[in-house]
Each structure stands twice: as structure tokens, then as C-alpha cells.
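Read the structure below first, then the notes.
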Amino acid sequence: MTTYIAYIDDSGDEKYAVYTALLIPIEKWTSTLHEWLKFRRNVFETFTVPADGEIHATELLSGKGNPAPTLSYGINRDMGKRKKLLNLAVAAVGSLEHVRVLSRVVPNGKPDDCYRSLLKDMESRLTAEDSWAILVVDGNGTDGSHKKAHRALKIANRRIVEDPWHQDSKLSQLVQMADIVSFTIFQAHKLNQTRRFMWGWMPDFIHRREWPGACNCPPGAQQRP
Ligand SMILES: [Zn+2]
């Protein structure tokens, strides 16, 4: 029996709906955050990105070269460094041994259906191991669709407790981690040529963190244990 806190972010485009949850046992929250902050200290030393600077996947890769339009920190004029930083961040999440990843990728699907599908899958997996979860979702809460999806769960046997709690990714290292992983999973399925450098990141770094039996790597992707 485990109680998880799960951090959730979406990704995708008009062709793919993607939601990803990073589940952390409550008692491992402190050590997990501690490990991540060690990574952020290294990032500061190597890339001069302050620990409170947001690592946001699409922002790091936007604005083809110089500078990234929305970044204010020191590497905003070097796309190579920005790609490297994203790569290191994905690898860092993949190295966090107590994080479990559960994701949904729905081609031609609506984001709301994708979120509800993720909840349904999570509930059945939580039930199977007699566990519970509280969900923290990226955003400011003005989008009521997440709350409606939680309220639609059958109350008698709910394992996802409460409504979603919203947290802006700018203010949460853990929501930023969910963003990074969700974007990586999206790219593994989308296979956009301009993101070719990311195609193997899901099998290489994220697969080992996926909930046992819930591999969502695209068919044919090489999966390393
Ligand atoms: Zn996998």
C-alpha cells in the first residue's frame, strides 16, 4: 500500500493528445526533490541557469537559434546548450528511482478524453496494489475540465482522492519535471523530423521509470532496462 503524490502535465498538438503523470510515494517526496535540486545546482554551475529559472521543454527549443524568445537566463543564445540542458534534464528525471511514470498518448484525441483515460488507468492500477494518489496538475485552475473529470470518478471505490490541485509549472520543480517527460513522450510518438534528436529519449531515459506493465513506448522503439 502506497500513497502517491502525482504531478501531471499535458503535451501534444492538433494530432496528438498527451498526458503524463509522475507518481512519487509521499515518503519519497523529500529525497526525490533533494536529488532533483542537486541536478539543478549542477545546471546552475554548467549553464548559469538559476535554480528558480523554469526548465520548460517547448521554451528551450523555441526560437530556432538566437535568442530563445522567452528565456532570460544565460544560455538563451545557444540552441546547442539548450538542447543539451533538456537532454540532461530528461536523463535526470530518468535517474530518480522512486518516480513512476504513467502516460497516455491518444492520436486524434481530445485532451479531455486523454486526461479521463489516464485517470481511469491510474485508478485501476492503484486499486490493484491497494494504493492511493493525490494529483497536482499544471495550471492555475481556471480550466474546469480536470475537476469535472475527477468528479466523474465513482465515489464508492475512488483511489484518486480529491479534486486536482493546480500548480503553475513556473513555481514547481516537480510540475516542470512532468512537463519535460510529457514533451519527451510526445516527441517519441510524433517523430517530428526537427525533433529527431529526441526520438530515443523515451526508451533511453523514461522507459525505466514507467509503471511496471504500463510501457507506453512507441512500437519498435528500443527499450533499455
Ligand atoms: Zn516504455
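For LYS170, go through the aspartates and glutamates and keep the ones whose alpha-carbon is under 16 Å away, minus same-chain ones fewer than eight residues off.
Result set, ordered by chain and number: ASP9, ASP10, ASP52, GLU54, GLU59, ASP138, ASP179.
Report the relative contact order of the chain, percent, no decimals, based on alpha-carbon pairs under 8 angstrom and at least 6 residues apart.
Result for the chain is 28 percent.
Can you give the % of DSSP beta bridges in region 3-209 that are antiparallel, to the nearest 5?
Numbers: 17 of 28 bridges.
Of the beta bridges lying entirely in region 3-209, close to 60 percent run antiparallel.
Can you tell me the 0 to 90 degree angle between the C-alpha axis of helix 173-190 and the longest principal axis of the chain, rounded to 10?
90
As a test of the formula, what do you get for the chain when each DSSP H run with n ≥ 4 contributes -39,500 (n - 2.57) and the sum is divided by the residue count, at 222 nm and rounded to the nearest 500 deg cm²/dmol?
Numbers: 6 runs with 83 residues, N = 225.
My calculation for the chain gives -12000 deg cm²/dmol from helical runs alone.
What are the ³J(HN,Hα) values, in whole Hz, obtained from phi via the Karplus relation 6.51 cos²θ - 1.76 cosθ + 1.60 with θ = phi - 60°, for each residue of region 157-164 in sequence order, with x given for Gly and Pro?
Karplus values, whole Hz, x for Gly and Pro: 10, 5, 10, 8, 8, 6, 6, x.
Near the amide H of THR2, under 5 Å away, which other amide H atoms are found, from residues 5 or more places off or on another chain, if H is placed in the peptide plane?
SER131, TRP132
Can you give the alpha-carbon Rg of the chain over 2.2 N^0.38 Å, where N counts its residues?
That ratio works out to 0.98.
Any of LYS110/LYS154; LYS15/LYS38; LYS15/LYS83; LYS38/LYS148; LYS84/LYS147 with alpha carbons more than 31 Å apart? Name them for me.
Over 31 Å apart, Cα to Cα: LYS15/LYS38; LYS38/LYS148; LYS84/LYS147.
What does the charge count around ASP168 come to, taking other residues whose C-beta lies under 12 Å from its C-beta (Lys +1, Arg +1, Asp -1, Glu -1)?
-3
If I fit a long axis through the Cα atoms of helix 111-128 and take the longest principal axis of the Cα atoms of the chain, what angle between them do I get, 0 to 90°, rounded to 10?
The helix 111-128 is inclined about 60 degrees to the chain.
Quick one: angle between helix 29-47 and the longest Cα principal axis of the chain, in degrees between 0 and 90, rounded to 10, please.
With both axes taken from Cα atoms, the answer is about 10 degrees.
Once you charge only the Cβ atoms, +1 for Lys and Arg and -1 for Asp and Glu, what is the size of the charge dipole of the chain about its Cα centre, to the nearest 20 debye?
Numbers: 30 positive and 26 negative charges, 105 e Å.
Dipole of the chain, to the nearest 20 debye: 500 debye.
How would you rank ILE5, ILE185, ILE55, going from fewest to most other Cβ atoms within 10 Å of each one's own Cβ?
Ascending Cβ contact count within 10 Å gives the list ILE5, ILE55, ILE185.
With θ taken as phi - 60° and the coefficients 6.51, -1.76 and 1.60, list the Karplus ³J(HN,Hα) couplings across region 8-17 in order, rounded to whole Hz; mark glycine and proline as x.
10, 9, 9, 7, x, 8, 5, 9, 10, 9
Each value in this text was obtained by applying a stated rule to the coordinates, not by laboratory testing. From a predicted model like this one, the values you see are computed outputs, not experimental measurements. Note that we place each Cβ from the backbone using ideal geometry, even for glycine, and neighbour counts take in every protein chain shown.
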